[in-house]
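Here the structure comes first, spelled out in structure tokens, and everything after it is commentary.
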Amino acid sequence: MSTILITGGHSGLGLETSKQLASRGIDLILAGRDPARIEVVAKRLIEIYGIKAVALKMDISSLTSVRNSVAEIQDLIAKREIDDLQAIVCNAGASFMGGIKYSADGYELTFATNYLGHFLLVQLLLDYVAKNGRIVFVTSGTHDPETRDGKMVGKAGKADAVALAHLGKYNLKTISWGQRYSTSKLCMILLTYELDRRLKRSGKSISSIAFDPGSIPETGLIRSLPRQLQSFAKTSFARWITRMIGVTQGRLDFSSEALAKVVASVEFAGMSGKYLQSNEGVLQDTRSSKASYEEGSARKLWEDSSNLVGLHPSEVPASLRN
Ligand SMILES: NC(=O)c1ccc[n+]([C@@H]2O[C@H](COP(=O)([O-])OP(=O)(O)OC[C@H]3O[C@@H](n4cnc5c(N)ncnc54)[C@H](OP(=O)(O)O)[C@@H]3O)[C@@H](O)[C@H]2O)c1
């Protein structure tokens with residue numbers, strides 16, 4: 001049996017993807033902030049699909065919480081209560097409208113949640129990912145300032161980890177909530193490609209793939225918007241407008257099925273280093289933004305991120321050391 005770890009696998013796109021994976025007989029670790037809520041979902045998945053499902057407390061924005069959760073996963077693997085990971089799905093994400101908020105570590109919360117926590121999670125667990133396994137990063141079309149998605153939410157800025165982590169402090173220029181979200185997603189794509197290059201150089205057969213589900217207003221992602229705007233975004237009129245102006249159109253059923261395939265189907269085994277997007281019921285292998293292919297930026301982002309999370313030399317994955 002294979003096991004897949006999915007952050008935010010108990011709600012929104014993550015929950016639908018968890019159901020898809022469970023229906024294939026795959027065991028799951030559902031990681032999120034509220035163990036009681038996650039436990040309810042895990043129990044349902046066990047009842048319906050007869051899989052193993054573990055509810056794991058993990059606040060992805062907190063480096064201590066990520067480290068503690070990883071220790072629990074390592075323990076479960078050591079005790080053979082779960083198998084090595086077939087995939088890690090970096091799905092948890094959030095946007096925070098309004099003023100800048102900071103994580104428990106003092107880093108800007110959007111960057112800490114969407115990007116930095118997942119960076120640490122992958123570093124600490126890469127050696128527990130099975131041969132031919134996958135790391136899938138759930139990103140967003142908003143990362144690309146040339147597209148309608150990027151223009152509407154807020155154009156992504158420079159993927160400078162140190163500046164992004166400390167936004168609003170030390171006289172650093174601040175950016176809007178939308179730009180913070182788009183830029184965090186750009187960082188995830190740079191990470192996807194950099195991890196792919198490092199894995200290939202080390203001769204490892206693990207894939208690193210970026211996935212954009214397209215715009216899906218039904219999930220909880222827009223919960224920080226004013227209530228009226230949230231309700232409007234869910235109407236078919238709003239859907240029509242966004243389609244007309246060229247926003248990438250996701251759908252909860254199609255995008256979650258697509259994500260489950262990217263994570264677990266054989267046909268996606270050779271897709272490392274790709275950006276896959278769900279749009280109008282089609283899953284396409286497409287180009288991400290120009291900035292996302294800058295290898296120098298990706299290398300610097302990786303090094304700066306290692307410093308920000310305080311990665312100890314012993315925590316660098318053995319699979320990336322040669
Ligand atoms: N919906 C869209 O239009 C859209 C478009 C492009 C990309 N995406 C991406 O798709 C992914 C899934 O989002 P969604 O649309 O399904 O939104 P969602 O319903 O809000 O789901 C987000 C998930 O992330 C979890 N999460 C948030 N902060 C967390 C934290 N600090 N620690 C652990 N878990 C945390 C949430 O858990 P709680 O239940 O505890 O809050 C929830 O399970 C995100 O990465 C999002 O950026 C969504």
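The values are calculated or read from the model by the stated rules, or taken from the named source; none is laboratory data. This structure is a prediction, so every number in the text was calculated from the model and none was measured. Neighbour counts run over all protein chains shown; Cβ positions are idealised from the backbone, glycine included. Side chains are part of the model used for accessible areas, which takes the heavy atoms of the whole protein and leaves out ligands, DNA and RNA. Shrake-Rupley method; radii C 1.70, N 1.55, O 1.52, S 1.80 Å.
Determine the shape class of the chain: with a ≥ b ≥ c the square roots of the Cα gyration tensor eigenvalues, call it rounded for a/c under 1.5, and otherwise prolate if a/b is greater than b/c, oblate otherwise.
Working: a/c = 1.38, a/b = 1.12, b/c = 1.22.
Here the chain falls in the rounded category.
For region 139-144, putting each phi into the Karplus relation 6.51 cos²θ - 1.76 cosθ + 1.60 with θ = phi - 60° gives couplings of 10, 7, x, 5, 5, 9 Hz, in residue order, rounded to whole numbers and with x for Gly and Pro. Near S207, the amide H atoms lying under 5 Å from its own belong to G133, R134, I135; only residues 5 or more places off or on other chains count, and H is placed 1.01 Å from N. Estimated purely from DSSP H runs of n ≥ 4, each contributing -39500 (n - 2.57), the mean residue ellipticity at 222 nm for the chain is -12500 deg cm²/dmol once divided by its residues.
Taking a ≥ b ≥ c as the square roots of the eigenvalues of the Cα gyration tensor, an a/c ratio of 1.5 or more together with a/b larger than b/c marks region 3-67 as prolate.
In region 166-319, carbon and sulfur make up what percent of the accessible area (probe 1.4 Å)? Could you put the intermediate results ahead of the total?
Values: 4030 of 7440 Å².
Percent of accessible area from carbon and sulfur atoms in region 166-319: 54.
As an exercise, use a Förster radius of 30 Å and the Cβ-Cβ distance of Q74 and R201 to find the FRET efficiency, rounded to the nearest 0.05. FRET efficiency, Q74 to R201: 0.75. Looking at the chain, the DSSP beta bridges with both ends there are about 20 percent antiparallel. Can you give me the Cα centroid spacing of region 236-302 and region 115-160 in angstrom? Result: 11 Å between the Cα centres. Extension gain for the segment K131 to K234, taken as residue separation times 0.36 nm less the Cα-Cα distance, is 33.0 nm to one decimal.
What FRET efficiency, computed as 1/(1 + (r/R0)^6) with R0 = 35 Å and r the Cβ-Cβ distance, is obtained for V266 and R227, rounded to the nearest 0.05? Write out the running numbers ahead of the final one.
Values: r = 44 Å, r/R0 = 1.25.
The value I calculate is 0.20.
Here's how it looks for D212: its modeled amide H is under 5 Å from those of T139, L276, Q277, S278, which are all 5 or more places away or on a different chain. Backbone geometry of region 198-212 corresponds, through the Karplus equation with coefficients 6.51, -1.76 and 1.60 at θ = phi - 60°, to 3J(HN,Hα) couplings of 5, 5, 5, 4, 7, x, 8, 9, 8, 9, 10, 10, 9, 10, 10 Hz, x marking Gly and Pro.
This model, with +1 at the C-beta of Lys and Arg and -1 at the C-beta of Asp and Glu, gives region 3-308 a dipole about its Cα centre of some 500 debye.
Per 0.36 nm of contour for each residue apart, how much would the distance between D253 and D285 grow if the chain were fully extended, relative to their Cα-Cα spacing? Before the final figure, lay out the partial values.
Values: separation 32, 0.36 × 32 = 11.52 nm, distance 1.90 nm.
Length gained, D253 through D285: 9.6 nm.
The distance from the alpha carbon centre of region 17-77 to that of region 308-322 is 25 Å, rounded to a whole number.
Each Cα pair under 8 Å and six or more residues apart adds its sequence gap; the mean of these over the residue count of the chain is a relative contact order of 19 percent. In the structure shown, the pairs K151/K173; K79/K204; K57/K200; K101/K204; K57/K158; K173/K274 are assessed against 29 Å; a Cα-Cα span above that value is assigned to K57/K200; K101/K204; K57/K158; K173/K274.
Computed extension length for E303-R44: 89.2 nm, one decimal, from 0.36 nm per residue of separation with the Cα-Cα distance subtracted.
Which value, in Å², gives the accessible area per residue of region 3-308 when a 1.4 Å probe is used on the protein heavy atoms? Could the numbers behind the result be given before it?
Numbers: 13080 Å² over 306 residues.
It amounts to 43 Å² per residue over region 3-308.
Extending 7 Å from the Cα toward the beta-carbon at both V316 and E146 defines two label points whose distance is 3.4 nm. Where in region 210-237 is the amide nitrogen less than 12 Å from a point lying 7 Å along the Cα-to-Cβ axis of K101? What the label zone holds, given the 12 Å backbone N cut-off, is 223-225. Positive end of the charge dipole of the chain (Lys, Arg +1 and Asp, Glu -1 on Cβ, about the Cα centre): tell me which of Y107, T7, S289 has its Cα farthest that way. It is S289. Amide H contacts of H166 (H built 1.01 Å from N, in plane; Pro and chain starts excluded): E108 sit under 5 Å, all sequence-distant by 5 or more or on other chains.
Since only L76, P317, W240 are under comparison, the one whose Cα sits farthest along the positive direction of the charge dipole of the chain, derived from C-beta charges on Lys, Arg, Asp and Glu, is W240.
With charges only on Cβ, +1 for K and R and -1 for D and E, what is the dipole size of region 7-141 about its Cα centre, in debye, rounded to 20? Each step should come with its number before you reach the end.
Details: 14 positive and 14 negative charges, 49 e Å.
Around 240 debye, computed over region 7-141.
Once both labels are positioned 7 Å from their Cα atoms along Cα-to-Cβ, the gap between R67 and I241 label points is 4.7 nm.
Residue by residue, region 4-14 carries 3J(HN,Hα) couplings of 10, 9, 10, 7, x, x, 9, 8, x, 4, x Hz when phi is fed to the Karplus relation 6.51 cos²θ - 1.76 cosθ + 1.60 (θ = phi - 60°); x denotes Gly or Pro.
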